[in-house]
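Visitor: Can you keep this structure in mind? I'll have questions shortly.
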Ligand code: SAM
């Protein structure tokens with residue numbers, strides 16, 4: 001391995017970049033949808049890359065998967081039917097299945113190879129979730145699925161890659177309108193919306209596109225090292241109660257249904273994640 005290839009460097013158009021020291025390249029292939037690589041990084045353990053962008057790492061995946069899942073799930077309070085769009089590594093699915101109230105978890109992933117690859121090389125991320133009897137895997141385009149399904153869901157979590165390649169269709173107003181249509185009357189959607197410095201427009205764009213589609217729209221923030229660029233953001237929309245209207249006691253009561261130990265999420269972190277700094281709040285117009 002030559003010197004310069006010892007680093008994976010992500011670059012963003014806004015003139016921002018970040019890198020990870022790589023000890024070895026473990027696996028790689030061109031799937032029908034994207035380039036997929038597994039590398040051993042010095043600081044974060046095994047790292048899954050799609051089209052050169054970090055998707056998940058052994059060391060810090062828990063942060064993203066806990067926060068993308070438990071904020072909408074706890075806000076809802078008693079989710080029974082959950083839809084995940086994307087999420088091929090299985091981390092969101094693992095977290096969704098921690099609730100005894102969940103009867104059905106549908107995961108719509110366009111690329112079967114990401115699931116196969118993650119099961120084989122990153123089994124700690126899905127941790128058996130793919131084999132849970134409540135799991136229903138659908139290999140399809142998420143935009144197509146939400147446009148045509150007759151199912152209804154209490155929570156929808158959009159864990160897509162960035163708006164490039166196959167994920168481009170998951171960043172449109174039609175996609176969000178179809179999600180609003182398949183959510184129940186008190187349904188909630190979370191949607192990863194990029195890092196606030198390296199992908200500054202993503203949240204503002206998504207927030208604008210969902211205007212008029214939900215009773216409440218907002219965002220929450222958290223931070224993890226391998227999604228470089230400051231606070232990471234997620235859009236949070238509700239057809240029912242305002243997620244920002246739940247106080248710490250109420251959140252703590254609802255979070256008691258979450259089984260097992262979380263290492264980032266807790267009701268206090270949840271409550272704090274919705275208190276947006278001014279520079280992010282100012283983008284939500
Ligand atoms: N946490 C990562 C992030 O925030 O960028 C995303 C992880 S997950 C691996 C992203 C998944 O979205 C990939 O497995 C990819 O194949 C899937 N995906 C991309 N476009 C899709 C589409 N149109 N329908 C369903 N899944 C899609």
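The values are calculated or read from the model by the stated rules, or taken from the named source; none is laboratory data. Since we're looking at a predicted model, the values are computed, not measured. Cβ sites come from the backbone with ideal geometry, for glycine too, and all protein chains shown count toward neighbours.
Visitor: With (1) modelled with pLDDT of 95 or more; (2) within 16 Å of the ligand (Cβ to nearest atom) as the list, and residue 228 as the residue in question, which single condition is left unmet?
Guide: Residue 228 satisfies every listed condition except (1).
Visitor: Here is a list: 62, 33, 44, 16. Which entry is out of contact with any helix residue (DSSP H, G or I) (no Cβ under 6 Å at 6 or more places or on another chain), touching a residue at least 12 places away in the same chain (Cβ under 8 Å) and either within 13 Å of the ligand (Cβ to nearest atom) or assigned by TED's automatic domain parsing to the domain that holds residue 225 (or both)?
Guide: Residue meeting the stated conditions: 62.
Visitor: Suppose we keep only residues that are touching a strand residue (DSSP E or B) at 6+ places or on another chain (Cβ under 6 Å) and on the phi > 0 side of the Ramachandran plot within the stretch 65-97. Which one would you say is farthest from the ligand (Cβ to nearest atom)?
Guide: 87
Visitor: Does residue 39 satisfy the criteria of being within 24 Å of residue 171 (Cβ to Cβ), within 16 Å of the ligand (Cβ to nearest atom) and touching a residue at least 12 places away in the same chain (Cβ under 8 Å)? Even if it seems obvious, please write down each step before you answer.
Guide: Numbers: within 24 Å of residue 171 (Cβ to Cβ): no; within 16 Å of the ligand (Cβ to nearest atom): yes; touching a residue at least 12 places away in the same chain (Cβ under 8 Å): yes.
Criteria not met by residue 39.
Visitor: Here's a follow-up. Can you give me the number of residues within the stretch 77-98 that are in contact (Cβ under 8 Å) with a residue 60 or more places away in the chain, more than 11 Å from the chain's Cα centre (by Cα) and buried (at least 23 other Cβ atoms within 10 Å of the Cβ)?
Guide: 4
Visitor: Residues of the stretch 98-132 being more than 14 Å from the ligand (Cβ to nearest atom) and closer than 24 Å to residue 28 by Cα, which ones?
Guide: Of everything in the stretch 98-132, those that are more than 14 Å from the ligand (Cβ to nearest atom) and closer than 24 Å to residue 28 by Cα turn out to be 120, 123, 124, 127, 128.
Visitor: Which one of these is in the same structural domain as residue 227 (by TED's automatic domain parsing) and in contact with a helix residue (DSSP H, G or I) (Cβ under 7 Å, 6 or more places away or on another chain): 90, 165?
Guide: Going through 90, 165 in turn, the sole match is 90.
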